[in-house]
Amino acid sequence: MLLRQTFIIFLTSFIILSSNIAKAEAIIVYGNENKPPKAYIKNGKPHGILVDIVKYASKKMNIDIQVQLYPWKRAQFLAAKGEGGIIGFANTPSRSKTFEYSEYPMFIDEASLVTTKEKSIEINSIKDLNGKRLVQIRGASHGKEFEESINSVFELMEADSNKAILLMLLKGRADVAIINPGNKALKMIIDANEELHPYRESFIMLDKSLGLVPNYLAFAKQKNMTKLLKKFSQVMKEGYESGEIQKIIEQHY
C-alpha cells in the first residue's frame with residue numbers, strides 16, 4: 001500500500017514537472033490586436049495572416065511558438081522588456097538599437113492612406129503630405145523616410161484603435177489615416193464596427209501609399225535569439241520560394 005502511494009506521488013510529481021517544462025519551452029511572441037487581416041482577436045483567440053505564418057514556422061522548426069495579441073504599444077513594451085518576441089515589426093533606426101531582427105521578412109506590408117471624399121488629395125511622394133494631419137495606430141512605424149518626415153513634413157497623431165482613427169477622419173480631426181494592409185484591412189475595420197457602417201462610402205483609399213514595408217520577427221537584443229532568428233529566416237525564405245506562405249496569405253483575402 002505504501003509502495004503504491006509512493007508511486008502515485010512520484011507519478012503526479014513527474015506529470016507536473018513535465019507540464020512545467022513544456023510550458024517553459026514555449027516561446028511567446030507578441031503582436032498587434034488591431035491589424036486585420038494581419039492580426040486580430042476573433043472569439044477570444046488570435047487570428048490573421050501573421051498568426052498563421054507563425055503557426056507554419058512553428059511546425060516547420062519543431063519549436064512551440066505561441067502568439068499573444070495586445071494593443072500595439074503594450075506588445076512593444078513587453079517585447080522590449082524581453083518577455084517575448086514581436087511579429088509584424090518594421091525595422092527602423094530607433095528600433096534597431098533595442099531589437100534584433102530576422103534576416104528575412106515574414107510579410108510585406110503596404111501602408112495605405114485613407115481619407116474622405118471631401119478631403120481627397122493626390123500625392124506622388126511623402127512630401128505631398130506637407131502640412132497634413134496624419135493619424136495611425138499608436139506605436140506604429142513605416143520606415144526611415146516616414147520617421148524623418150514626422151513634424152518636418154506632416155503632423156502625426158495616434159489612436160488606440162482603427163475605429164478611432166476613422167472617426168477622427170469623419171469628425172475632421174485628421175486629414176489622412178494610415179491603414180494597412182490595403183483595401184482588405186479597411187473593409188474589415190468597417191465591417192467590425194457598426195458605428196462606421198453608415199459611412200462606408202465616405203472613405204477613399206488614395207492611389208499612392210507610403211510604400212511597401214517589410215514586417216519581421218524580432219527579439220530584444222538581451223534575449224540572444226540569433227540562432228532562432230536565423231532558423232526562422234530560413235523557413236520564411238523557403239516558404240516564400242515554395243509558394244506555401246503565399247497560400248496562407250491568400251486565404252485571408
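The table below lists the values:
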item	result
FRET E, pair D128, E158, Förster distance 25 Å, beta-carbon r, rounded to 0.05	0.70
Assigned charges on the beta-carbon of Lys, Arg, Asp, Glu; the chain dipole about Cα centre (debye)	740
Equivalent ellipsoid, segment 196-253 (semi-axes from 5 times Cα gyration tensor eigenvalues, Å)	34, 18, 12
Accessible heavy-atom area order of E122, E250, highest first, probe of 1.4 Å	E122, E250
Solvent exposure of the chain as accessible area per residue, Å², 1.4 Å probe	54
Stretch gain in nm, segment K60-E195, where the contour uses 0.36 nm per residue and the Cα spacing is subtracted	44.4 nm
Rounded percent of accessible protein surface that carbon and sulfur make up, segment 13-137, 1.4 Å probe	50
Over segment 74-155, equivalent-ellipsoid semi-axes from the Cα gyration tensor in Å	28, 13, 13
Helix-only mean residue ellipticity at 222 nm for the chain, each DSSP H run of n ≥ 4 adding -39500 (n - 2.57), per residue, nearest 500	-11500 deg cm²/dmol
Antiparallel DSSP beta bridges within the chain, percent to nearest 5	55
Candidates E147, E25, E103, ranked by Gaussian network fluctuation over the chain, Cα under 10 Å, top entry	E25
Among Q222, Q76, Q68: highest mean-square fluctuation, GNM of the chain, C-alpha pairs under 10 Å	Q222
Separation of the Y253 and K227 label points, Cα + 7 Å toward Cβ, nm	3.7
Extension reserve of the I108-Q68 stretch, reckoned as 0.36 nm per residue once the Cα distance is removed	12.3 nm
Relative packing of 173-182, 36-45, which averages over residues the other C-beta atoms within 10 Å, highest first	173-182, 36-45
Order by protection proxy (mean Cβ within 10 Å, highest first), peptides 88-100, 191-203	88-100, 191-203
Given (1) 55, 41, 37; (2) 71, 39, 31; (3) 83, 37, 35, the label whose value is Cα extents along the principal axes in Å derived from this model	(3)
Kirkwood Rh and Cα Rg combined as Rg/Rh, segment 121-253	1.02
Apportionment of accessible area to carbon and sulfur, segment 156-243, percent (1.4 Å)	48
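The values are calculated or read from the model by the stated rules, or taken from the named source; none is laboratory data. This one's a predicted model, so the numbers in the text were calculated from it and none came from an experiment. Quick reminder, even Gly has a Cβ in these numbers, built from the backbone with ideal geometry, and neighbours come from all protein chains shown. To get the accessible areas, we keep the full protein, side chains included, count just its heavy atoms, and leave off ligands, DNA and RNA. Shrake-Rupley method; radii C 1.70, N 1.55, O 1.52, S 1.80 Å.
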